[in-house]
1. Taking the Cβ of each residue in Val185, Val25 as the centre, tally the other Cβ atoms inside 10 Å and list the residues starting with the fewest.
2. Taking amide H atoms as placed 1.01 Å from N in the peptide plane, list the residues 5 or more away in sequence, or in a different chain, whose amide H sits under 5 Å from that of Thr69.
3. What list of ³J(HN,Hα) values in whole Hz, one per residue of the stretch 60-70 in order, does the Karplus curve 6.51 cos²θ - 1.76 cosθ + 1.60 (θ = phi - 60°) give from phi, with Gly and Pro shown as x?
4. Enumerate the whole-percent occupancy of each 5 Å bin, from 0 to the last occupied one, for all C-alpha pair distances of the stretch 5-78.
5. Compute the distance from the alpha-carbon center of the stretch 124-149 to that of the stretch 87-119, in whole Å.
6. Size of the dipole of the chain about the Cα centre, Lys and Arg at +1 and Asp and Glu at -1 on the beta carbon, nothing else charged, in debye to 20?
7. What's the angle, to the nearest 10 degrees (0 to 90), between helix 229-243's Cα axis and the longest principal axis of the chain?
8. For Leu58, what charge total do you get from the other residues with a beta carbon under 13 Å from its beta carbon, if Lys and Arg give +1 and Asp and Glu give -1?
Amino acid sequence: MADLTYPGGRLRLFVDAALAEGAQVETSPSQAHYLVHVMRARLGDQMALFNGRDGEWLAHLAEFSRRQTVLRCTERIAPQTVVPDLWFAFAPVKKTAAEYVVQKATELGVRRLIPVITRRTIVRKVNPERLAANAIEAAEQSGRREVPVIAEVLALEAMLARWPQERALVFCDEAGDAPPIADAVMALRGRPSGVLIGPEGGFEPTERAAIRAKGFACPVSLGSRILRADTAGLAALAVWQAVAGDWRVTGA
Ligand code: SAH
């Protein structure tokens, strides 16, 4: 009986099933493949499980056959936790870049990802299953105990119309006349927030005006250099976590 590990620590798997002492959890076919063929797990080998509700559990491989692979929960090793109330609205760029952004935003502790289509968005097709798979893998590897929601793709106007009034929209505006992001986010501490990033081609002037007209919009600058959309998004999320999020807290 061994602990299954990968770089970063104990192997962790996200499952749907309820987790409790003695609970038997059937894996998905891809998890079974990963455990048995990639990790070469043997009966009794241990890993951790989380489902976004019941905290983190130690479990071991209890059965594997061609028909099914079953994990058995033994003890709860950590309580359920949740990342800060931060959303991320981004204009998807090329397929691989969108997947990269989802992975990194998950690591950075975003609760909800919203792909947004703007006038200059070039990639209009996103594959929600691929994005969800990337989010799950990043949650497993980063120690999160829940997985971010991948919202349906929305046009910018629809996103603005549905945005909750009480949630600040940290609008990354490359035009240069917005306050520095750290100062703006400092003033938002304690308030649910979301970061909005434009596409590679930037926002059109009418879009900038429509965003700025919203009472919940909080335009910010990321400095004098124009960042690529993926860089800008991840940088903004990092600033938010450092100033208003959970980077002040270490451990659980
Ligand atoms: N092609 C555009 C730049 C787009 S950069 C132009 O030349 O104007 C892609 C997105 O990243 C922007 O829409 C904005 O949301 C964000 N961004 C990039 N650099 C930024 C900066 N210095 N300040 C604020 N937002 C920035």
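1. With the fewest neighbours first, Val185, Val25 line up as Val25, Val185.
2. Those qualifying (amide H under 5 Å, at least 5 residues apart or on another chain) are Thr27.
3. 9, 6, 9, 6, 9, 8, 5, 7, 7, 10, 10
4. Reading the bins upward from 0: 3, 18, 32, 27, 16, 4, 0.
5. Using only Cα atoms to place each centre, the spacing works out to 10 Å.
6. Dipole of the chain, to the nearest 20 debye: 340 debye.
7. Between helix and principal axis, roughly 80 degrees.
8. My count for the surroundings of Leu58 gives -2.
Read-outs throughout are calculated quantities, based only on the coordinates presented, and are distinct from any laboratory measurement. Every value quoted in this text rests on a predicted model; they were computed, and no experiment measured them. We place every Cβ from the backbone using ideal geometry, glycine too, and count neighbours over all the protein chains shown.
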